[in-house]
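Everything on this sheet refers to the single structure shown next.
Bear in mind these aren't lab numbers, they're just calculated from the coordinates by the rules spelled out. A quick note: this is a predicted structure, and the numbers were derived from the prediction, not measured. Quick reminder, even Gly has a Cβ in these numbers, built from the backbone with ideal geometry, and neighbours come from all protein chains shown.
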Amino acid sequence: MYKIAAYLAKIYRNRIMYVLIINAGSSSVKFTLFRKDKVQVVVDGLVERIGRNGTAVHYQNSGKDRITWKTPVADARRAVRLIAELLTDKACGVLRSKEEIAAIGHRVVHGGEKINSSVIIDARVKQIIKECFPLAPLHNPPNLDGIEACEIIFQQVRQVAVFDTAFHTTLPQYAYLYGLPYALYKEDKIRRYGFHGTSHKYVSHIAAEIINRPIETLKIVTCHLGNGCSITAIDGGRSIDTSMGFTPLEGLLMGTRCGDIDPAVVFYLMAHKRLDLKQINDLFNKQSGLLGLAGIGSSDLRDILEARESGNRQADTAVRVFVYRIKKYIGAYAFAMGAIDAVVFTGGIGENSPLIRQMVCQDLEELGIVIDPEENADPKKTCFEIQGKAGTVKILVIPTDEEKEIALQTLKLLSA
Ligand code: ADP
C-alpha cells in the first residue's frame, strides 16, 4: 500500500503542471497555457464573437499551425468549457486532464483603490471587481464572467486576478488627483487610475535586466504604443505618473481615441452640434485619434504611414500630433523624476515602427537622448538597445508580454 502511494506521489511530483491565463472581454475569451516550470507558452487561442453570428475559435499548439473554425458559442461559460475540452482533447490537446492545471490567472482591468497587487480570488475580491463596474463598464463585467465560468469548469483550481490598475496604485496623491472638488474624489472616486499596468511593469523589469542594474536605482519612461497608447514614469520600480486617467481615454493620441482634450469641448459639442452624451462618448473613443485626424478611414498606423509616404498631408499631420504628444510626455516625466535613465518602446507601434521611434527621439541630443539609426532600423532584432554612442539615456525596444507577466505573478502569489 505504502509502495503504491509513494509511486503515485513520485509520478505526481514529476508530472508537468501548467498555468492557464484567461483574458475575458465583452465578446471574446483569449487563453494562453504556460508550462509552469519554464513559464513557456504551449498553447494559445481565442474564442471570438461569443453570442453573435459567426463565433470563431482560433487554437495554436506552440510550433504548429494555427487552426481556426466556426462554431456557435453562446456565452463566457460555454467558451471556457470549450477551452477545457480543447486543452484535454486527444487530437489537439496537451493535457491528460484538467488536474494538470496548477492555477488560473485572470486579467482584470479595474481594481479601483482597494487592490494594489495581484490577489487570490475569493468572495471579497469578486465583490471589489463588481464595485468597480461603474469605473470600467465594458471590461470588469466580462472579466468577472470569465472568473465565474472558470470557477464552475475548473472547480479545484486556484484562481488569481491580475489588475491593469494595480501597478499604478503607487501614484502619489498630487499625481492622481484632478482639479475637481475633493468630494468628487472622496465620494465618487473620480481620480487618475492608469491602465496597461501589467505591460509597463513587465517591460520595466526586462529593461532593468538589460541595463544590468537593480530596478530600484533606475528612472524609466515606458511608452506602450498600440491601438491604445499610454506612457508611464517608473521611479525605482514604482509607477509615479501615467498618462491614462479615470478611464483609458486620457493622455496620448491613440488609434481611435482622442487622448488629452479640453473638457469644454464637450459643452461646445452639446450646445452647438447638438450631440448627446452617447454620441460624444462615441466620437472621443471610436472616431478620433489617428483615425479621425488622418481621415483615411483607417486607425492602423501602417495605413497612415503609407498614405503619408504617398504625400497625404493630413496623414502627415496626424503622425506629427501622435509623435509630439509622446515627446511632450517623456519630457514631463523626466522632469517629474528629476532625471531619466531609459526610455522603453513597446506595443505594436513601439516594437515595430523605427520611424515613430526616430521621430520621438529626434532633436533631443542636448538631453542625452540619441538614437543609433542602424540599430533602430534592424528588422531582425526583437528586444534590443537602440541608443547611439553619444547618448546618455538608454533607449530600448522591448516586446510586451502581458500573458507572461500574469503567469509570473500568478505563480509568485501561489508559491508565497
Ligand atoms: P493593441 O493595443 O490592440 O494590443 P497592438 O499592440 O497590436 O494593439 O498595436 C496595434 C498597432 O500597431 C496598429 O496601429 C498597427 O498599425 C501598429 N503596427 C503594427 N506593426 C507595425 C509596423 N510594422 N509599423 C507601424 N505600425 C505597426
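Before moving on, here are some points about what is shown:
- The gain in end-to-end length when the E309 to K381 segment is fully stretched comes to 23.5 nm, 0.36 nm per residue minus the alpha carbon separation.
- By other beta-carbon atoms within 10 Å, ranking K38, K389 with the fewest at the front produces K389, K38.
- Options G226, F154, L364, ranked by Cα towards positive dipole end of the chain, top entry (Cβ charges): F154
- Region 131-163 and region 19-87: distance between their alpha carbon centers, rounded to Å: 16 Å
- Each Lys and Arg Cβ is given +1 and each Asp and Glu Cβ -1; about its Cα centre, region 168-235 then shows a dipole of about 80 debye.
- In the elastic network of the chain, a GNM with C-alpha springs shorter than 10 Å, the most mobile of I371, I206, I67 is I67.
- Dipole magnitude of the chain, debye to nearest 20 (Cβ charges: Lys/Arg +1, Asp/Glu -1, about Cα centre): 1320 debye
- For region 209-288 versus region 376-416, the gap between their alpha-carbon centres in whole angstrom: 21 Å
- Cα gyration tensor shape of region 129-219, rounded if a/c is under 1.5, else prolate or oblate by comparing a/b with b/c: oblate
- Only DSSP H runs of four or more residues enter the estimate; each adds -39500 (n - 2.57), and after division by the residues of the chain the mean residue ellipticity at 222 nm equals -12000 deg cm²/dmol.
- Here D316 and R52 are evaluated by their C-beta separation; at R0 = 45 Å the FRET efficiency comes out at 0.75.
- Top positive-direction residue, dipole computed over region 20-141 with Cβ charges, set C132, P72, G111: P72
- Theoretical gain in end-to-end length, F246 to K286 [0.36 nm per residue, Cα-Cα removed]: 12.7 nm
- As a rough footprinting exposure proxy, the listed residues F267, F322 were ranked by other beta carbons within 10 Å of their own, and the order from fewest upward is F267, F322.
- Protection proxy ranking of 305-318, 241-254, 392-405, by the mean of other Cβ atoms within 10 Å over each peptide's residues and highest first, is 241-254, 392-405, 305-318.
- Rounded if a/c under 1.5, otherwise prolate or oblate - the chain, Cα gyration tensor axes: prolate
- Rounded to the nearest 0.05, the FRET efficiency derived from the C-beta distance between K328 and S62 at R0 = 51 Å is 0.80.
- Whether region 271-381 is rounded, prolate or oblate, judged on the alpha carbon gyration tensor where a/c under 1.5 counts as rounded: oblate
- Neighbourhood net charge (13 Å Cβ-Cβ; Lys/Arg +1, Asp/Glu -1) for R192: -2
- Full-stretch length increase - A416, H272 - with 0.36 nm per residue and alpha-carbon distance subtracted: 46.1 nm
- Taking the longest Cα principal axis of the chain as reference, the axis of helix 2-14 is set at about 20 degrees.
- By the beta-carbon count within 10 Å of each Cβ, the least crowded to most crowded order of E216, E131, fewest first, is E216, E131.
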